[in-house]
Amino acid sequence: MAHAKTSYVCLPCRASYKQPCLGDHNRLCPRCAEPLIHAGSAFAAPRRRDTNGWRTLSVLLHAGVRFHMSCCGGSGYRPRTLSEVRERMAHARTTGDPFARALVRHELP
């Protein structure tokens, strides 16, 4: 029986690896041996040269936001630029909304 694949990310190397989801999330980067971050099955990595894309991704992953498939076939809204991240983090600070929840809001009130 084949296992579903999920993405793991190494932020320092700007690399993403699709690996079988075996319930064990303790994976190491094959390039630098640092721990990989579980990103989810609906994750699509930015290009390695896309510095702002990787910075945005770093904020999302460190806030606990992951990219899992939803019932509608995707992970839902995720900010793609640093300005979208800044807007949502400012909203979270002023309203008390948790960062992870504010970061996945498609529209801000």
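The values are calculated or read from the model by the stated rules, or taken from the named source; none is laboratory data. Because the structure is predicted, anything quoted here is derived from the model rather than measured. Every residue, glycine among them, receives a Cβ derived from its backbone with ideal geometry; neighbour counts consider all protein chains shown. When the accessible area is computed, the model is the full protein with side chains, heavy atoms only, and any ligands, DNA or RNA have been set aside. Shrake-Rupley method; radii C 1.70, N 1.55, O 1.52, S 1.80 Å.
Below are the figures for this structure:
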| quantity | calculated |
| --- | --- |
| Karplus-derived HN-Hα couplings along the stretch 89-100 (A = 6.51, B = -1.76, C = 1.60, θ = phi - 60°), whole Hz, x at Gly and Pro | 6, 5, 4, 4, 5, 7, 9, x, 5, x, 3, 4 |
| Two-site FRET efficiency, Leu28 against Met69, from Cβ-Cβ distance with R₀ of 25 Å, rounded to 0.05 | 0.50 |
| Most mobile of Arg49, Arg80, Arg27 in a GNM of the chain (Cα contacts under 10 Å) | Arg49 |
| Percent carbon-and-sulfur accessible area, the stretch 4-109, ignoring ligands, DNA and RNA, probe 1.4 Å | 53 |
| Additional length obtainable on full extension of the chain from Leu11 to Ala44, 0.36 nm per residue less Cα span | 10.5 nm |
| Global form of the chain, assessed from the alpha-carbon gyration tensor, a/c cut-off 1.5 | prolate |
| Relative contact order [Cα under 8 Å, 6+ residues apart], the chain, whole percent | 20 |
| Probe 1.4 Å, protein heavy atoms only - accessible area per residue of the chain in square angstrom | 63 |
| Extension gain from Arg80 to His62, taking 0.36 nm per residue of separation minus the Cα-Cα distance | 5.0 nm |
